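My questions all concern the structure below.
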Amino acid sequence: ATATCASCAGTAVATTEALSRFITGDAVVYQKTGAGITGLEAGATYYVSKEDNKTLCLYKTRADAVAGTNKLEVSGGAGDTLNKAGDADLVRESERRRFRDP
């Protein structure tokens, strides 16, 4: 699952699409594909709390995300992406299984 940032302000990351595949506590990897989100490091893993169907808040730890404490301050970021951690690994494993001999 990927969330594309529409804008970031304060502690909220507004996305361009619905976040049906994200739940509070999920790990995401930040990819700078646009202007850049101030307060985040490209390639770093963060944890989300899902505030509503198009808004996330980011945290340094899963425990903070679940508790709703220590939200990261963010700004900017239009066009940048948050990729749910593990999705690429699942795709690679699926491809390996598909091409194995029976």
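Quick note: the coordinates plus some simple rules give every number you see, no bench work behind them. Just so it is clear, the model here is predicted, and its values are computed rather than measured. Virtual Cβ from ideal backbone geometry, glycine too; neighbours counted across all protein chains shown.
May I ask you to compute the full-extension gain from Ala63 to Thr4, defined as 0.36 nm times their residue separation minus their alpha-carbon distance, rounded to one decimal in nm?
Between Ala63 and Thr4, full extension yields an extra 18.8 nm.
Something else about it: Report ³J(HN,Hα) in whole Hz for each residue of the range 16-28, in order, from the Karplus equation J = 6.51 cos²θ - 1.76 cosθ + 1.60 where θ = phi - 60°; Gly and Pro get x.
After applying 6.51 cos²θ - 1.76 cosθ + 1.60, I find 8, 9, 5, 9, 5, 9, 10, 10, 4, x, 5, 8, 10 Hz.
Using a basic spin-label model with each label point 7 Å from the Cα along Cα→Cβ, how many nm lie between Asn70 and Thr45?
1.6
Let me ask another. Give me, ordered by chain and number, the residues 5 or more places off Ser7 or on other chains with an amide H under 5 Å from its own placed amide H.
Hits under the 5 Å cutoff: Ala14.
From the C-alpha coordinates alone, can you work out the Kirkwood hydrodynamic radius of the range 35-79, in Å? List each step's numbers first, then the result.
Values: mean 1/r = 0.0906 Å⁻¹.
Taking the inverse mean of 1/r over all distinct Cα pairs, the range 35-79 comes out at 11.0 Å.
For Thr15, what is the net charge nearby, where nearby means another residue's Cβ is under 11 Å from its Cβ and Lys, Arg count +1, Asp, Glu -1?
-2
Quick one: divide the alpha-carbon radius of gyration of the range 1-65 by 2.2 N^0.38 Å and tell me what you get.
Cα Rg divided by the expected 2.2 N^0.38 Å: 0.99.
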